[in-house]
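Right, one structure below, let's go through it.
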Amino acid sequence: MKIKLPYSTQNWVSLIGATIALISLFMIIFLFTITTVFGKGATYLGLVVYILLPAAMIVGLLLIPVGMFIKSRSVSKTGEKEGPRWPAIDLNDVHHRNAFFVFSIGTTIFLFLSAIGSYEAFHFTESVPFCGQLCHSVMKPEYIAYQNSPHAKVTCVACHVGPGADWYVRSKLSGLYQVYAVTTNIYPRPIPTPVRNLRPAREVCEQCHWPQKFYARKLRLETHYLPDKNNTRWDIRLIMKIGSAHSALGLKEGIHWHISPDVKVEYIATDYERENISWVRYTNLATGEVKVYQNSDEPLEAAQIDTLEVRTMDCIDCHNRPSHHYRAPTTFINAAMTAGEIPVELPEIKATAIELCAVDYSTTDSAQQQIETGIRQFYEKNYPEIASEKAELIKKAITGLQKAFNRNIFPEMKVKWSAYPDHIGHMHFNGCFRCHNSTHLTESGEAIRKDCNLCHIINAQGTPGNMQAALVGEALDFKHPQDIDEAWREGLCTDCHTGLNP
């Protein structure tokens, strides 16, 4: 039985639209079957199945009524066939009846498939591969750093969007400009931080972490290697005062005191990166006590305080690199040497590796080639007997340094440790010392102290076999691995430590 449709459907525009819609529909069904039944899929295949093909199908379906409208207008002008000005449905007419059933059944199927497709598209756009791999060249640094972070099992949207439909919509609207920037190649390199359009950190972070949860003190062991001939090892063992010494004290002391429910800490930063903090206000919410600290070296005028943003301190003000941490060369080389990926037995390997990582390379490939060439040439020139007798160690060092480099430095996006200051600690960036530098004073002269023992206690330090140790609960006075006398007391760590030294 031949299905008869209205005369207005007999036009090339509607025919092309129907062809596009049908081909798109069959392609969606075929590719969806591949990805679900056979477990075959990829980021770009998901983009095609859930976004591009449905868009093509909708365009095709829209062309059908457009063609019918154009055909009807043409018929009315030429007098080819007279008809009512508005569509009239007469189910006793076989043409109308067929069109009605085709439209009804087709619309039902389309709506059903659209519901499934929309659900799958939502999940696809919320997936880690969509965020990290779709715009591969742009997001490569963030994606690799994320995979090697403590939050590697947490989806991107769990932190960048969080729960709730309103922030989901905001993220997608923000994503429209990001798509435009990537398409036109106008995105900045590196991507600037902090990201200003994220929701408040405590609304997101506290889905898993919360102030009332007790965090005990933590023992932390750090291993450093000096850039001398023997790669001298230097260990330091710290007891980190994350929380109070006793759980009963809650957040009355320790590093997380800053986010205690009984405390409010506000500050003013005079730069975009929030590195230069000039004004701090402490409020005890239980007693009402208020203290205002000004940087005595760069105090703010009252007019400046009124115009600048007063930000309430939250998780991100310290944990500003929770999942996208780009370590400094001295840090990732120390870690690779400790893990045995870079042989400690090779003389001067620490200094050589640091020197190679200090170069600004144009591409990752050129960096990999220069690392291999640089290490080989160094040992061929300075230690020819090692170059000939211990070639395997040299090869292992090359592979280890290349691997560590690829996890932390991305030349194409100009991403490296110096581009993204890390506010945890105070070694390569001021971090804690943005406030705790003894120059932030109240009107009465009370300072935010630069005191090592406020956040941690040094429990042991020195070279293996010759460690200086303290009794439990006692603290050692810091001893610098290299003899600089008492100079470390007078300035900040960043006066010397740039990420390219021990």
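Quick notes on this structure:
- Restricting segment 234-309 to trypsin sites (Lys or Arg not before Pro) that sit in a DSSP loop and have at most 11 other Cβ atoms within 10 Å of their own Cβ leaves nothing.
- Computed over the Cα atoms of segment 214-253, pair by distinct pair, the Kirkwood hydrodynamic radius stands at 12.1 angstrom.
- Per-residue Cβ neighbour rank within 10 angstrom, fewest leading, Phe130, Phe26, Phe410: Phe26, Phe130, Phe410
- With the simple spin-label model, which puts each label point 7 Å out from Cα in the Cβ direction, the Val102 to Thr373 separation comes to 6.8 nm.
- For segment 129-198, a Kirkwood radius taken over Cα pairs fed into Stokes-Einstein (4 °C, viscosity 1.567 mPa s) yields D = 98 µm²/s.
- Selection among Thr312, Pro343, Leu285 by position relative to the dipole of segment 279-371 gives Leu285 as farthest towards the positive end (Cβ unit charges, Cα centre).
- Sorting Tyr326, Tyr267 from the fewest to the most surrounding beta carbons within 10 angstrom yields Tyr267, Tyr326.
- Relative compactness, segment 321-472, computed as alpha-carbon Rg over 2.2 N^0.38 Å: 1.33
- Convex hull per residue volume in Å³, alpha carbons only, for segment 329-419: 79
- The ranking of Met240, Met57 by Cβ neighbour count inside 10 Å, starting from the fewest, reads Met240, Met57.
- Correct option for percent of Cα pairs over 45 Å apart [calculated from the coordinates] among [x] 35; [y] 6; [z] 23: [x]
- Nearest-20 debye value, the chain charge dipole, Cβ charges on Lys, Arg, Asp, Glu: 2320
Each value in this text was obtained by applying a stated rule to the coordinates, not by laboratory testing. The structure displayed is predicted, hence computed values, not measured ones. FYI the Cβ positions are ideal-geometry reconstructions off the backbone, even for glycines, and counts take in every protein chain you see.
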